[in-house]
Amino acid sequence: METLITLLVFGLITAVSIAWHMRGSKRKAARVCPPGSRPCAGCGAACPAGVERCQSCGIPLQIYDVVGAPVVSGENASGGGAAHAVVRTDSCVGCGACVGACPEPGAIRLEGKLAVVNKALCLGHGECVKACPVGGIFLSTGAAVQRVEVPRLGAHFETDVPGLFVVGELGGRGLIRNAVNEGRVAMEEIARRAVAGARSDRPDVYDVLIVGSGPAGLSAGLEAHRANLRYLILERGNLADSIRRYPRHKILMAEPVKIPLYGELWVSDASKETLLQVWQTIIEQTGLRVDTGQEVTEIARGPDGFLVRTPSRTCTARHVVLALGRRGTPRKLGVPGESLPHVFYDIVEMEAFRGSRVLVVGGGDSAIESAVGLAHQQGTKVYLSYRGDAFGRIKERNRQKLDALTKAGRIELMLQSQVKEIGAQSTVIGIGGGWKTLPLDYVVIRIGGEAPYDLLRRAGISIVMKELSVSGAEERAVA
(Lines give C-alpha, C1' and ligand atoms only; values in the text may rest on other atoms or scores of the structure.)
Protein backbone atom coordinates (compact mmCIF):
# COMPACT_ATOMS: atom_id res chain seq x y z
CA MET A 1 0.00 0.00 0.00
CA GLU A 2 2.79 2.39 0.92
CA THR A 3 4.51 1.57 -2.35
CA LEU A 4 1.31 2.41 -4.26
CA ILE A 5 0.93 5.70 -2.45
CA THR A 6 4.56 6.53 -3.13
CA LEU A 7 4.10 5.76 -6.82
CA LEU A 8 0.94 7.89 -6.98
CA VAL A 9 2.67 10.85 -5.31
CA PHE A 10 5.70 10.46 -7.57
CA GLY A 11 3.43 10.28 -10.61
CA LEU A 12 1.54 13.40 -9.53
CA ILE A 13 4.79 15.34 -9.03
CA THR A 14 6.05 14.17 -12.41
CA ALA A 15 2.81 15.20 -14.13
CA VAL A 16 2.89 18.65 -12.52
CA SER A 17 6.53 19.08 -13.51
CA ILE A 18 5.82 18.10 -17.12
CA ALA A 19 2.79 20.42 -17.28
CA TRP A 20 4.83 23.31 -15.87
CA HIS A 21 7.63 22.61 -18.30
CA MET A 22 5.20 22.55 -21.24
CA ARG A 23 3.61 25.79 -20.03
CA GLY A 24 7.05 27.41 -19.80
CA SER A 25 7.89 26.16 -23.28
CA LYS A 26 4.72 27.76 -24.65
CA ARG A 27 5.57 31.04 -22.92
CA LYS A 28 9.05 30.96 -24.40
CA ALA A 29 7.68 30.08 -27.83
CA ALA A 30 5.28 33.03 -27.66
CA ARG A 31 8.26 35.30 -27.10
CA VAL A 32 9.97 34.20 -30.30
CA CYS A 33 8.89 36.91 -32.71
CA PRO A 34 8.73 36.43 -36.48
CA PRO A 35 10.89 38.71 -38.64
CA GLY A 36 9.72 42.32 -38.70
CA SER A 37 7.94 42.13 -35.33
CA ARG A 38 8.98 42.83 -31.75
CA PRO A 39 7.98 41.34 -28.39
CA CYS A 40 5.72 43.23 -26.02
CA ALA A 41 7.78 44.03 -22.93
CA GLY A 42 4.72 43.45 -20.77
CA CYS A 43 3.37 40.06 -21.88
CA GLY A 44 5.96 38.87 -24.41
CA ALA A 45 3.49 38.51 -27.30
CA ALA A 46 4.78 39.16 -30.82
CA CYS A 47 3.72 42.57 -32.11
CA PRO A 48 3.85 43.25 -35.88
CA ALA A 49 5.87 46.23 -37.04
CA GLY A 50 3.91 49.48 -37.05
CA VAL A 51 1.26 48.56 -34.47
CA GLU A 52 0.84 50.99 -31.57
CA ARG A 53 -0.72 48.58 -29.06
CA CYS A 54 -0.01 45.00 -28.11
CA GLN A 55 -2.75 42.87 -29.66
CA SER A 56 -2.57 40.48 -26.70
CA CYS A 57 -2.60 42.70 -23.59
CA GLY A 58 -3.68 46.00 -25.20
CA ILE A 59 -0.85 48.06 -23.68
CA PRO A 60 0.51 50.94 -25.83
CA LEU A 61 3.99 49.81 -26.89
CA GLN A 62 5.31 53.35 -26.63
CA ILE A 63 5.44 53.19 -22.84
CA TYR A 64 8.31 50.69 -23.17
CA ASP A 65 10.49 52.83 -25.46
CA VAL A 66 12.65 54.13 -22.62
CA VAL A 67 12.54 50.88 -20.62
CA GLY A 68 13.82 48.90 -23.60
CA ALA A 69 16.43 51.42 -24.74
CA PRO A 70 20.10 50.43 -24.32
CA VAL A 71 22.14 51.76 -21.40
CA VAL A 72 25.24 53.75 -22.37
CA SER A 73 28.12 55.38 -20.54
CA GLY A 74 29.98 58.43 -21.79
CA GLU A 75 29.16 60.62 -24.75
CA ASN A 76 30.69 58.31 -27.37
CA ALA A 77 29.44 55.01 -26.03
CA SER A 78 27.88 54.01 -29.35
CA GLY A 79 31.20 53.70 -31.19
CA GLY A 80 33.15 55.72 -33.74
CA GLY A 81 31.91 57.80 -36.62
CA ALA A 82 31.54 61.41 -37.67
CA ALA A 83 30.77 63.93 -34.93
CA HIS A 84 27.15 65.01 -34.71
CA ALA A 85 24.82 66.67 -32.23
CA VAL A 86 23.01 64.65 -29.58
CA VAL A 87 19.94 66.06 -27.81
CA ARG A 88 19.28 65.34 -24.14
CA THR A 89 15.52 64.80 -24.17
CA ASP A 90 15.36 65.21 -20.40
CA SER A 91 16.86 68.72 -20.71
CA CYS A 92 15.53 70.17 -23.98
CA VAL A 93 12.87 72.86 -23.50
CA GLY A 94 12.17 73.59 -27.16
CA CYS A 95 13.44 77.17 -27.11
CA GLY A 96 14.80 76.91 -30.66
CA ALA A 97 18.12 78.63 -29.92
CA CYS A 98 19.96 75.67 -31.47
CA VAL A 99 17.98 75.91 -34.71
CA GLY A 100 18.95 79.53 -35.27
CA ALA A 101 22.59 78.87 -34.42
CA CYS A 102 23.10 75.87 -36.73
CA PRO A 103 24.80 76.81 -40.05
CA GLU A 104 23.39 73.73 -41.81
CA PRO A 105 19.71 74.19 -42.83
CA GLY A 106 17.56 71.34 -41.58
CA ALA A 107 20.30 69.66 -39.55
CA ILE A 108 18.44 70.42 -36.33
CA ARG A 109 14.80 71.40 -36.08
CA LEU A 110 11.92 71.59 -33.62
CA GLU A 111 9.37 68.82 -33.88
CA GLY A 112 6.56 69.33 -31.46
CA LYS A 113 8.32 70.73 -28.40
CA LEU A 114 11.69 69.06 -28.83
CA ALA A 115 14.85 69.59 -30.87
CA VAL A 116 15.53 66.73 -33.28
CA VAL A 117 18.84 66.12 -35.08
CA ASN A 118 19.04 64.94 -38.69
CA LYS A 119 22.32 63.01 -38.67
CA ALA A 120 22.50 63.02 -42.46
CA LEU A 121 22.70 66.82 -42.48
CA CYS A 122 24.57 67.47 -39.22
CA LEU A 123 28.27 68.21 -39.78
CA GLY A 124 29.20 68.55 -36.12
CA HIS A 125 29.96 72.29 -36.13
CA GLY A 126 28.93 72.50 -32.46
CA GLU A 127 27.23 75.89 -32.73
CA CYS A 128 24.03 74.36 -31.35
CA VAL A 129 25.98 73.19 -28.30
CA LYS A 130 27.16 76.74 -27.63
CA ALA A 131 23.69 78.21 -28.17
CA CYS A 132 21.68 75.80 -26.00
CA PRO A 133 20.78 77.67 -22.80
CA VAL A 134 20.19 74.52 -20.76
CA GLY A 135 23.17 72.40 -21.79
CA GLY A 136 20.86 69.92 -23.50
CA ILE A 137 23.06 69.23 -26.56
CA PHE A 138 26.53 67.74 -26.93
CA LEU A 139 28.64 66.34 -29.76
CA SER A 140 29.15 62.61 -30.14
CA THR A 141 30.70 60.19 -32.63
CA GLY A 142 28.23 57.49 -31.62
CA ALA A 143 24.98 56.39 -33.21
CA ALA A 144 22.51 58.03 -30.83
CA VAL A 145 20.79 61.30 -31.50
CA GLN A 146 18.97 61.46 -28.15
CA ARG A 147 19.91 60.60 -24.57
CA VAL A 148 17.95 60.59 -21.32
CA GLU A 149 19.00 59.93 -17.71
CA VAL A 150 16.51 57.60 -16.02
CA PRO A 151 16.19 54.94 -13.32
CA ARG A 152 16.97 51.40 -14.48
CA LEU A 153 13.54 49.78 -14.94
CA GLY A 154 12.11 46.42 -15.94
CA ALA A 155 9.03 45.56 -17.99
CA HIS A 156 6.54 46.40 -15.23
CA PHE A 157 8.46 49.58 -14.32
CA GLU A 158 10.08 47.87 -11.36
CA THR A 159 13.52 49.19 -10.42
CA ASP A 160 16.57 47.07 -9.62
CA VAL A 161 15.34 47.18 -6.01
CA PRO A 162 12.62 44.47 -5.97
CA GLY A 163 9.29 45.91 -4.89
CA LEU A 164 10.17 49.53 -5.79
CA PHE A 165 8.52 50.88 -8.94
CA VAL A 166 8.98 54.17 -10.81
CA VAL A 167 6.27 55.48 -13.16
CA GLY A 168 5.49 58.65 -15.06
CA GLU A 169 7.78 61.55 -15.79
CA LEU A 170 10.46 60.35 -13.38
CA GLY A 171 10.92 57.30 -15.59
CA GLY A 172 11.83 59.40 -18.63
CA ARG A 173 8.58 60.59 -20.17
CA GLY A 174 6.42 63.56 -19.28
CA LEU A 175 3.41 62.53 -21.37
CA ILE A 176 0.11 62.23 -19.53
CA ARG A 177 -1.23 59.23 -21.40
CA ASN A 178 2.05 57.35 -20.93
CA ALA A 179 2.06 58.20 -17.22
CA VAL A 180 -1.50 56.93 -16.79
CA ASN A 181 -0.72 53.67 -18.59
CA GLU A 182 2.54 53.14 -16.67
CA GLY A 183 0.83 53.63 -13.30
CA ARG A 184 -1.83 51.09 -14.24
CA VAL A 185 0.67 48.51 -15.57
CA ALA A 186 2.81 48.71 -12.43
CA MET A 187 -0.19 48.36 -10.14
CA GLU A 188 -1.59 45.41 -12.10
CA GLU A 189 1.69 43.59 -11.46
CA ILE A 190 1.55 44.45 -7.75
CA ALA A 191 -2.05 43.20 -7.61
CA ARG A 192 -1.00 39.90 -9.23
CA ARG A 193 1.67 39.45 -6.57
CA ALA A 194 -0.83 40.22 -3.82
CA VAL A 195 -3.20 37.53 -5.14
CA ALA A 196 -0.27 35.10 -5.30
CA GLY A 197 0.39 35.60 -1.60
CA ALA A 198 2.73 38.58 -1.41
CA ARG A 199 0.59 40.25 1.26
CA SER A 200 1.17 40.78 4.94
CA ASP A 201 -1.19 39.48 7.61
CA ARG A 202 -0.62 42.66 9.59
CA PRO A 203 -3.38 45.23 9.00
CA ASP A 204 -0.93 48.09 9.48
CA VAL A 205 1.23 46.97 6.54
CA TYR A 206 0.07 48.34 3.20
CA ASP A 207 0.16 46.27 0.04
CA VAL A 208 1.46 49.38 -1.70
CA LEU A 209 2.27 53.01 -1.00
CA ILE A 210 2.11 55.45 -3.90
CA VAL A 211 4.23 58.59 -3.68
CA GLY A 212 2.78 61.43 -5.73
CA SER A 213 -0.75 62.22 -6.93
CA GLY A 214 -0.09 63.35 -10.48
CA PRO A 215 -1.32 61.43 -13.56
CA ALA A 216 0.81 58.33 -12.89
CA GLY A 217 0.10 58.25 -9.14
CA LEU A 218 -3.60 58.81 -9.65
CA SER A 219 -3.83 55.97 -12.17
CA ALA A 220 -1.84 53.62 -9.90
CA GLY A 221 -4.06 54.52 -6.95
CA LEU A 222 -7.27 53.93 -8.88
CA GLU A 223 -6.04 50.52 -10.02
CA ALA A 224 -5.10 49.65 -6.42
CA HIS A 225 -8.55 50.82 -5.32
CA ARG A 226 -10.21 48.67 -7.99
CA ALA A 227 -8.11 45.62 -7.01
CA ASN A 228 -9.09 46.06 -3.34
CA LEU A 229 -5.49 46.43 -2.18
CA ARG A 230 -4.44 48.04 1.07
CA TYR A 231 -2.98 51.26 -0.34
CA LEU A 232 -2.39 54.92 0.35
CA ILE A 233 -1.27 57.82 -1.85
CA LEU A 234 1.18 60.21 -0.18
CA GLU A 235 1.24 63.72 -1.63
CA ARG A 236 3.81 66.27 -0.43
CA GLY A 237 1.51 69.29 -0.92
CA ASN A 238 -2.16 69.17 -1.73
CA LEU A 239 -3.89 67.82 -4.79
CA ALA A 240 -3.98 71.25 -6.39
CA ASP A 241 -0.20 71.63 -6.10
CA SER A 242 0.56 68.55 -8.19
CA ILE A 243 -1.32 70.01 -11.14
CA ARG A 244 -0.73 73.73 -10.59
CA ARG A 245 3.02 73.14 -10.70
CA TYR A 246 2.64 71.26 -13.97
CA PRO A 247 5.00 73.18 -16.29
CA ARG A 248 2.72 73.47 -19.33
CA HIS A 249 0.11 75.98 -20.41
CA LYS A 250 -2.05 73.61 -22.37
CA ILE A 251 -2.64 69.88 -22.11
CA LEU A 252 -3.19 68.04 -25.39
CA MET A 253 -3.84 64.34 -25.85
CA ALA A 254 -4.16 63.02 -29.38
CA GLU A 255 -6.30 60.10 -28.20
CA PRO A 256 -8.31 59.19 -25.09
CA VAL A 257 -6.59 57.34 -22.26
CA LYS A 258 -8.44 54.84 -20.09
CA ILE A 259 -8.28 55.60 -16.38
CA PRO A 260 -9.21 52.82 -13.92
CA LEU A 261 -12.66 53.24 -12.28
CA TYR A 262 -13.29 56.37 -14.34
CA GLY A 263 -13.26 55.47 -18.01
CA GLU A 264 -11.79 57.35 -20.92
CA LEU A 265 -10.17 60.73 -20.34
CA TRP A 266 -9.60 63.00 -23.30
CA VAL A 267 -8.19 66.45 -22.64
CA SER A 268 -8.02 68.40 -25.89
CA ASP A 269 -6.18 71.73 -25.81
CA ALA A 270 -7.30 72.46 -22.25
CA SER A 271 -5.66 74.31 -19.39
CA LYS A 272 -4.13 72.58 -16.42
CA GLU A 273 -7.00 74.01 -14.36
CA THR A 274 -9.38 71.91 -16.45
CA LEU A 275 -7.26 68.85 -15.71
CA LEU A 276 -7.32 69.75 -12.02
CA GLN A 277 -11.12 69.76 -12.06
CA VAL A 278 -11.10 66.31 -13.65
CA TRP A 279 -8.66 65.06 -10.99
CA GLN A 280 -10.87 66.33 -8.16
CA THR A 281 -13.98 64.82 -9.74
CA ILE A 282 -12.33 61.41 -10.02
CA ILE A 283 -11.26 61.44 -6.37
CA GLU A 284 -14.70 62.51 -5.16
CA GLN A 285 -16.46 59.85 -7.23
CA THR A 286 -14.18 56.96 -6.27
CA GLY A 287 -13.20 57.80 -2.70
CA LEU A 288 -9.52 57.49 -3.58
CA ARG A 289 -7.36 57.55 -0.43
CA VAL A 290 -4.91 60.46 -0.67
CA ASP A 291 -2.99 61.79 2.34
CA THR A 292 -1.73 65.31 1.62
CA GLY A 293 1.04 67.25 3.32
CA GLN A 294 3.23 64.13 3.42
CA GLU A 295 6.63 64.67 1.81
CA VAL A 296 8.54 61.40 1.64
CA THR A 297 12.10 61.89 2.90
CA GLU A 298 13.37 58.30 3.06
CA ILE A 299 12.61 54.83 1.76
CA ALA A 300 14.42 51.96 3.46
CA ARG A 301 14.12 48.20 3.86
CA GLY A 302 12.30 46.94 6.94
CA PRO A 303 11.39 43.52 8.33
CA ASP A 304 7.95 43.57 6.67
CA GLY A 305 8.78 45.42 3.45
CA PHE A 306 9.66 49.07 2.96
CA LEU A 307 9.72 51.80 5.59
CA VAL A 308 8.48 55.04 4.01
CA ARG A 309 9.20 58.05 6.18
CA THR A 310 7.78 61.57 6.16
CA PRO A 311 8.44 64.28 8.76
CA SER A 312 5.27 63.27 10.64
CA ARG A 313 4.94 59.49 10.20
CA THR A 314 6.50 56.19 9.11
CA CYS A 315 4.50 53.74 7.00
CA THR A 316 5.28 50.13 6.12
CA ALA A 317 4.43 48.67 2.71
CA ARG A 318 5.20 45.55 0.71
CA HIS A 319 5.60 47.64 -2.46
CA VAL A 320 6.23 51.30 -3.26
CA VAL A 321 5.34 53.14 -6.45
CA LEU A 322 7.21 56.41 -7.00
CA ALA A 323 5.31 58.87 -9.19
CA LEU A 324 7.21 61.99 -8.22
CA GLY A 325 7.97 63.74 -11.48
CA ARG A 326 11.47 64.77 -12.54
CA ARG A 327 11.57 68.20 -10.96
CA GLY A 328 11.52 67.22 -7.33
CA THR A 329 10.27 69.53 -4.61
CA PRO A 330 10.70 73.19 -5.61
CA ARG A 331 11.38 75.88 -3.05
CA LYS A 332 8.79 78.61 -2.72
CA LEU A 333 9.09 82.32 -2.16
CA GLY A 334 6.45 82.41 0.55
CA VAL A 335 4.68 85.48 -0.83
CA PRO A 336 1.00 86.19 -1.53
CA GLY A 337 -0.22 85.02 -4.92
CA GLU A 338 2.35 82.25 -5.34
CA SER A 339 -0.38 79.64 -5.93
CA LEU A 340 -1.95 81.52 -8.85
CA PRO A 341 -2.20 79.48 -12.07
CA HIS A 342 0.26 81.64 -14.03
CA VAL A 343 3.11 80.88 -11.59
CA PHE A 344 5.51 78.11 -12.69
CA TYR A 345 8.45 76.36 -11.04
CA ASP A 346 9.87 74.98 -14.25
CA ILE A 347 9.36 75.22 -18.00
CA VAL A 348 8.99 72.44 -20.51
CA GLU A 349 8.15 74.38 -23.68
CA MET A 350 9.74 77.82 -24.04
CA GLU A 351 7.80 78.65 -27.18
CA ALA A 352 4.53 78.50 -25.23
CA PHE A 353 5.58 81.83 -23.64
CA ARG A 354 6.11 83.57 -26.98
CA GLY A 355 4.88 87.18 -27.01
CA SER A 356 4.42 87.29 -23.21
CA ARG A 357 5.82 89.31 -20.32
CA VAL A 358 7.64 86.89 -18.01
CA LEU A 359 9.40 87.38 -14.68
CA VAL A 360 12.06 84.81 -13.79
CA VAL A 361 13.09 84.71 -10.12
CA GLY A 362 16.42 83.26 -8.99
CA GLY A 363 20.18 83.62 -9.20
CA GLY A 364 21.43 80.15 -10.08
CA ASP A 365 22.10 78.43 -13.37
CA SER A 366 18.54 77.15 -13.70
CA ALA A 367 17.06 80.67 -13.39
CA ILE A 368 19.55 82.15 -15.86
CA GLU A 369 19.01 79.29 -18.32
CA SER A 370 15.25 79.85 -18.14
CA ALA A 371 15.64 83.60 -18.70
CA VAL A 372 18.02 83.07 -21.65
CA GLY A 373 15.72 80.49 -23.26
CA LEU A 374 12.68 82.73 -22.87
CA ALA A 375 14.58 85.69 -24.32
CA HIS A 376 15.00 83.73 -27.57
CA GLN A 377 11.21 83.60 -28.05
CA GLN A 378 9.82 86.16 -30.46
CA GLY A 379 8.12 89.08 -28.75
CA THR A 380 8.81 87.85 -25.20
CA LYS A 381 9.80 90.44 -22.60
CA VAL A 382 11.91 88.87 -19.86
CA TYR A 383 12.71 90.24 -16.40
CA LEU A 384 15.23 88.49 -14.14
CA SER A 385 14.96 89.21 -10.41
CA TYR A 386 17.71 88.21 -7.97
CA ARG A 387 18.08 89.32 -4.36
CA GLY A 388 21.90 89.35 -4.48
CA ASP A 389 24.09 92.11 -5.88
CA ALA A 390 25.99 89.73 -8.20
CA PHE A 391 25.72 86.16 -9.48
CA GLY A 392 27.96 83.73 -7.67
CA ARG A 393 28.95 80.28 -8.88
CA ILE A 394 27.24 80.08 -12.23
CA LYS A 395 28.54 78.56 -15.45
CA GLU A 396 30.67 80.93 -17.46
CA ARG A 397 28.70 80.27 -20.62
CA ASN A 398 25.51 81.26 -18.78
CA ARG A 399 27.14 84.46 -17.58
CA GLN A 400 28.23 85.35 -21.11
CA LYS A 401 24.79 84.68 -22.59
CA LEU A 402 23.07 86.68 -19.87
CA ASP A 403 25.44 89.63 -20.36
CA ALA A 404 24.89 89.60 -24.12
CA LEU A 405 21.09 89.46 -23.87
CA THR A 406 21.02 92.13 -21.16
CA LYS A 407 23.08 94.49 -23.32
CA ALA A 408 20.78 93.75 -26.26
CA GLY A 409 17.76 94.74 -24.14
CA ARG A 410 16.16 91.30 -24.34
CA ILE A 411 16.51 90.68 -20.59
CA GLU A 412 15.94 93.36 -17.96
CA LEU A 413 18.14 92.46 -14.99
CA MET A 414 17.00 93.49 -11.50
CA LEU A 415 19.67 92.78 -8.88
CA GLN A 416 19.05 93.29 -5.16
CA SER A 417 15.33 92.86 -5.72
CA GLN A 418 12.69 90.72 -4.05
CA VAL A 419 9.19 89.70 -5.03
CA LYS A 420 6.69 91.03 -2.49
CA GLU A 421 3.35 90.02 -4.00
CA ILE A 422 2.15 88.26 -7.14
CA GLY A 423 -1.11 89.46 -8.61
CA ALA A 424 -3.28 88.22 -11.45
CA GLN A 425 -1.81 90.67 -13.97
CA SER A 426 1.10 92.31 -12.18
CA THR A 427 3.76 91.64 -9.56
CA VAL A 428 5.16 93.94 -6.89
CA ILE A 429 8.97 93.98 -6.61
CA GLY A 430 10.98 95.56 -3.82
CA ILE A 431 14.09 97.19 -5.32
CA GLY A 432 16.39 100.06 -4.46
CA GLY A 433 14.58 100.87 -1.22
CA GLY A 434 11.28 101.32 -3.07
CA TRP A 435 8.58 99.41 -4.90
CA LYS A 436 8.10 98.57 -8.54
CA THR A 437 4.98 97.10 -10.10
CA LEU A 438 5.57 95.02 -13.22
CA PRO A 439 2.70 94.17 -15.58
CA LEU A 440 3.24 90.45 -16.19
CA ASP A 441 1.64 87.46 -17.86
CA TYR A 442 3.71 84.78 -16.12
CA VAL A 443 6.09 84.27 -13.21
CA VAL A 444 8.73 81.53 -13.26
CA ILE A 445 10.32 80.75 -9.87
CA ARG A 446 13.67 78.94 -10.08
CA ILE A 447 15.21 79.12 -6.60
CA GLY A 448 16.18 75.50 -6.15
CA GLY A 449 14.65 72.45 -4.55
CA GLU A 450 15.31 68.82 -3.69
CA ALA A 451 16.06 66.66 -6.72
CA PRO A 452 14.02 63.42 -6.78
CA TYR A 453 17.04 61.36 -7.91
CA ASP A 454 18.65 61.91 -4.52
CA LEU A 455 15.77 60.01 -2.88
CA LEU A 456 16.05 57.23 -5.47
CA ARG A 457 19.78 56.79 -5.02
CA ARG A 458 19.45 56.67 -1.24
CA ALA A 459 16.89 53.88 -1.70
CA GLY A 460 19.40 51.92 -3.77
CA ILE A 461 17.90 52.55 -7.23
CA SER A 462 20.40 52.76 -10.10
CA ILE A 463 20.28 55.83 -12.37
CA VAL A 464 21.54 55.19 -15.90
CA MET A 465 21.91 57.01 -19.22
CA LYS A 466 19.84 55.56 -22.04
CA GLU A 467 20.23 55.97 -25.76
CA LEU A 468 17.12 56.53 -27.87
CA SER A 469 16.58 56.45 -31.60
CA VAL A 470 14.53 59.20 -33.23
CA SER A 471 11.77 56.85 -34.32
CA GLY A 472 11.38 55.31 -30.89
CA ALA A 473 11.96 58.31 -28.68
CA GLU A 474 9.85 61.10 -30.07
CA GLU A 475 6.26 61.84 -29.40
CA ARG A 476 4.75 64.71 -31.29
CA ALA A 477 1.91 65.56 -28.92
CA VAL A 478 2.59 67.76 -25.92
CA ALA A 479 0.84 65.58 -23.39
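The values are calculated or read from the model by the stated rules, or taken from the named source; none is laboratory data. Owing to the predicted nature of the structure, the values given are computational and were not obtained by experimental measurement. When we count neighbours, we look across all protein chains shown, and the Cβ atoms used for this are built from the backbone with ideal geometry, even at glycine.
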Residue within segment 376-398 that is assigned to a helix (DSSP H, G or I) and surrounded by fewer than 15 Cβ atoms within 10 Å (Cβ to Cβ) present
yes
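Evaluate segment 410-422: report whether one residue or more is touching a helix residue (DSSP H, G or I) at 6+ places or on another chain (Cβ under 9 Å) and small (Gly, Ala, Ser). First the steps, then the outcome.
If we filter segment 410-422 for residues that are touching a helix residue (DSSP H, G or I) at 6+ places or on another chain (Cβ under 9 Å), which is where we start, we get 410-413.
Right, trim to small (Gly, Ala, Ser) and you get none.
No: segment 410-422 contains no residue that is touching a helix residue (DSSP H, G or I) at 6+ places or on another chain (Cβ under 9 Å) and small (Gly, Ala, Ser).
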Looking only at residues that are surrounded by fewer than 21 Cβ atoms within 10 Å (Cβ to Cβ) and either modelled with pLDDT of 85 or more or basic (Lys, Arg) (or both) in segment 126-145, which one is farthest from GLU351 (Cα to Cα)?
GLY126
Boolean, CYS98 is at pLDDT 75 or above and assigned to a loop (DSSP other than H, G, I, E, B)
no
Listed by range, strands (runs of 3 or more DSSP E) wholly within segment 287-341 having at least 1 residues that are polar (S, T, N, Q) and within 25 Å of LEU153 (Cβ to Cβ) are 314-322
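How do the strands (runs of 3 or more DSSP E) wholly within segment 407-479 filter down when requiring 2 or more residues that are at pLDDT below 85: which remain?
463-468
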Could you check LEU324 against (1) touching a strand residue (DSSP E or B) at 6+ places or on another chain (Cβ under 7 Å); (2) at pLDDT below 90; (3) assigned by TED's automatic domain parsing to the domain that holds LEU415 and say which number it fails?
(3)
Does VAL443 fit the bill of being over 22 Å from GLY373 (Cα atoms), among the hydrophobic types (A, V, I, L, M, F, W, C) and assigned by TED's automatic domain parsing to the domain that holds PRO341?
no
